[in-house]
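Enquirer: One structure is given below, represented as C-alpha cells, and several questions about it will come after.
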Amino acid sequence: MIKNIIFDFGDIFINLDKMATHRAMADLGVTEISEDMIEVYHQYEKGLIPTNEFIRFFKNTLAIPKKDLIRAWNAVLLDFPKHRLAFVKQLAASKKYRLFLLSNTNELHISRVKKICGTKFYKEFKNCFEQFYLSHEINFRKPDATIYKFVLNENNLIPQETLFIDDVEENTVAAQKLGIQVWNLNPKEEDV
C-alpha cells in the first residue's frame, strides 16, 4: 500500500524544453559539450560549487557574456500549469499520503522558477510537501542511489510503501532497484 509519494519537479509540475539550452548555446556558437563541462554542471547541480564559480567556468571556457549564458542556461524552463498546483494542493489537503519533492535543480534554475511562477504561487506549491529536496541544497543528484537512500532514511520511509514519480527512466530505474515503487511518467502522453 502506497503511503508516501516522492515527486520530481521538471516535466512533472513545471514544463521543460530539454533541448532549449542546447539550441540557445548553439546560437551562441557552442556546438560541443566537453567532459569537463558536464562534470562542472554535475558539481553545480549538487551544490558543490557556487553559482559565481559555475558562471565563471563557463564564461572563461566559452567566452560568452554572463547575461547570455544565464539566459541560455534557463531556456529549458517553460510554464507551470495552474491545474498541477491545484492537483497537488488537493492531494496535500486530503492527507492520504506523505508528499515529498526530489529534484535535480540548481540555484540559477530555482531562481528562474520563482520568477516564472511568482512568489505566492511558488510558496503555495512548496507548502504542499513535507520535505522539498533540491539537489543543490542536499549535495546529491539523481540517479545516484545515495539521493534516494537519503530521502528514505531522513523521513523513515519504507521503500515498498513509497511511490516515486519522475519523467527520466534512468532515475526511476535507480529508485526501483532500492525497492521503491515507480511511475516513469511520459510528459508527452501523461499528466501527473
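Enquirer: Please give every one of the aspartates and glutamates within straight-line cross-link reach of K46, meaning a C-alpha to C-alpha distance under 12 Å, and leave out same-chain neighbours fewer than 8 residues apart.
Expert: Counting by Cα, and skipping residues close in sequence, K46 has these aspartates and glutamates nearby: E107, E137, D144.
Enquirer: Stretched out fully, how many nm does the piece from K67 to H83 gain, at 0.36 nm a residue minus the Cα gap?
Expert: Separation in residues times 0.36 nm, less the Cα-Cα distance, equals 2.5 nm.
Enquirer: From the P(r) of segment 115-165, could you give the percentage of C-alpha pairs in the tail past 13 Å? Let's see the in-between values first.
Expert: Values: 857 of 1275 pairs.
In whole percent, the long-distance tail amounts to 67.
Enquirer: Under the rule of at least 5 residues apart or a separate chain, name every residue whose amide H is placed under 5 Å from the amide H of T105.
Expert: Amide H neighbours of T105, under 5 Å, 5+ apart: S135, H136.
Enquirer: Please give every one of the aspartates and glutamates within straight-line cross-link reach of K126, meaning a C-alpha to C-alpha distance under 14 Å, and leave out same-chain neighbours fewer than 8 residues apart.
Expert: Candidates past the 8-residue exclusion: D8.
Enquirer: Over the Cα atoms of segment 73-167, Rg to Rh with Kirkwood Rh, two decimal places? Mind showing how you got there, number by number?
Expert: Numbers: Rg = 13.9 Å, Rh = 14.5 Å.
Computed over Cα atoms, the ratio is 0.96.
Enquirer: Let me ask something else. Applying the Karplus parametrisation 6.51 cos²θ - 1.76 cosθ + 1.60 with θ = phi - 60° to the phi angles of segment 75-88, what ³J(HN,Hα) value in whole Hz is obtained for each residue in order, glycine and proline being reported as x?
Expert: 4, 4, 7, 10, 9, 10, x, 4, 5, 6, 5, 4, 4, 6
Enquirer: Which loop-located GluC sites (Glu not before Pro) does segment 1-84 contain, where loop means any DSSP state but H, G, I, E or B and the Cβ has at most 11 other Cβ atoms within 10 Å?
Expert: E32
Enquirer: To one decimal place, what Kirkwood hydrodynamic radius in Å is obtained for the chain from all pairs of distinct Cα atoms? If you can, show how the numbers build up before the last one.
Expert: On the way: mean 1/r = 0.0572 Å⁻¹.
About 17.5 Å for the chain.
Enquirer: Averaged per residue, what accessible surface does segment 67-192 expose to a 1.4 Å probe, in Å²? The partial results should precede the final answer.
Expert: Details: 6730 Å² over 126 residues.
Here the per-residue accessible area is 53 Å².
Enquirer: So if each residue of separation counts as 0.36 nm, and I subtract the Cα-Cα distance between F121 and M37, what length gain in nm does that give?
Expert: 26.9 nm
Enquirer: Okay, moving on. Of K3/K89; K89/K120; K82/K142, which sit over 21 Å apart, Cα to Cα?
Expert: K82/K142
Enquirer: Carbon and sulfur atoms: what percent of the 1.4 Å accessible area of segment 81-179 do they account for? List each step's numbers first, then the result.
Expert: Values: 2460 of 5140 Å².
Accessible surface attributable to carbon and sulfur in segment 81-179 totals 48 percent.
Enquirer: Next question. Tell me, in nm to one decimal, what length is gained between M1 and Q176 on full extension, where the rule is 0.36 nm per residue of separation less the Cα-Cα distance? Could the numbers behind the result be given before it?
Expert: Working: separation 175, 0.36 × 175 = 63.00 nm, distance 1.56 nm.
Going from the current span to full extension adds 61.4 nm.
The values are calculated or read from the model by the stated rules, or taken from the named source; none is laboratory data. Note that the structure is predicted; figures quoted are calculated from it, not measured. Neighbour counts are summed over all protein chains in view; Cβ atoms, including those assigned to glycine, are modelled from backbone coordinates with ideal geometry. Side chains are part of the model used for accessible areas, which takes the heavy atoms of the whole protein and leaves out ligands, DNA and RNA. Shrake-Rupley method; radii C 1.70, N 1.55, O 1.52, S 1.80 Å.
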